[in-house]
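Structure first, commentary second.
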Amino acid sequence: MSNQSEQRRRHERFVYHNAVTLILDDGRSFQGSADNLAFGGAAMVVNGDPPEIQAGATGRLRVIFYGRPTDYPCTVVNVNGVKLGLKIQRIDYQGAPEAILSLKE
């Protein structure tokens, strides 16, 4: 990651290699894994062929923390083959990824 992109991030990213599902508002869903996760966004690698997704598509990212599925509203901001950059929409709720991953309250 370049210094410029590090400076652009407002939220600390946590390494998180686990299965996730991207469920788009148009009903399509994509299985994959997250490379990292934070309150502000996530990097996802989609299983299989590169998906036909355009930047700007909206939906939710389903992550399972400690056996509990949690959906985060998100927008696809970058598509690079099977790698997706997702912006998690800012809403106030319990269970923000960074709080769970860092075990903060």
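The values are calculated or read from the model by the stated rules, or taken from the named source; none is laboratory data. These numbers were taken from a predicted model, which means no experiment stands behind them. Virtual Cβ from ideal backbone geometry, glycine too; neighbours counted across all protein chains shown. Note: accessible area is taken over every heavy atom of the protein model, side chains too, but ligands, DNA and RNA are not part of it. Shrake-Rupley method; radii C 1.70, N 1.55, O 1.52, S 1.80 Å.
Conditions: (1) hydrophobic (A, V, I, L, M, F, W, C); (2) at pLDDT 95 or above; (3) assigned to a strand (DSSP E or B); (4) over 14 Å from residue 87 (Cα atoms). Residue 64 meets all but one. Number of the miss? Every listed condition holds for residue 64 apart from (2).
Tell me which residues, restricted to segment 41-56, are in contact (Cβ under 8 Å) with a residue 12 or more places away in the chain and open to solvent by 30 Å² or more (accessible area, probe 1.4 Å). If you could, list the steps in order and put the result at the bottom.
Pass one, segment 41-56, residues in contact (Cβ under 8 Å) with a residue 12 or more places away in the chain: 41-51, 53-56.
Of everything in segment 41-56, those that are in contact (Cβ under 8 Å) with a residue 12 or more places away in the chain and open to solvent by 30 Å² or more (accessible area, probe 1.4 Å) turn out to be 45, 47, 48, 49, 50, 54, 55, 56.
Can you work out which of the residues in segment 26-40 that are part of a loop (DSSP other than H, G, I, E, B) and not hydrophobic (A, V, I, L, M, F, W, C) is least open to solvent (accessible area, probe 1.4 Å)? Can you show your working first?
Of the residues in segment 26-40, the ones part of a loop (DSSP other than H, G, I, E, B) are 26-28, 38-40.
Among the residues that remain, those that are also not hydrophobic (A, V, I, L, M, F, W, C) are: 26-28, 40.
Working: 26: 102, 27: 61, 28: 92, 40: 22 Å².
Taking the candidates together, the pick is 40.
Of all the numbered requirements in (1) open to solvent by less than 60 Å² (accessible area, probe 1.4 Å); (2) at pLDDT below 95; (3) touching a strand residue (DSSP E or B) at 6+ places or on another chain (Cβ under 9 Å), residue 5 misses one, and that requirement is (3). Does at least one position in segment 67-90 carry a residue that is at pLDDT below 95, surrounded by 11 or more Cβ atoms within 10 Å (Cβ to Cβ) and assigned to a loop (DSSP other than H, G, I, E, B)? Yes: one or more hits.
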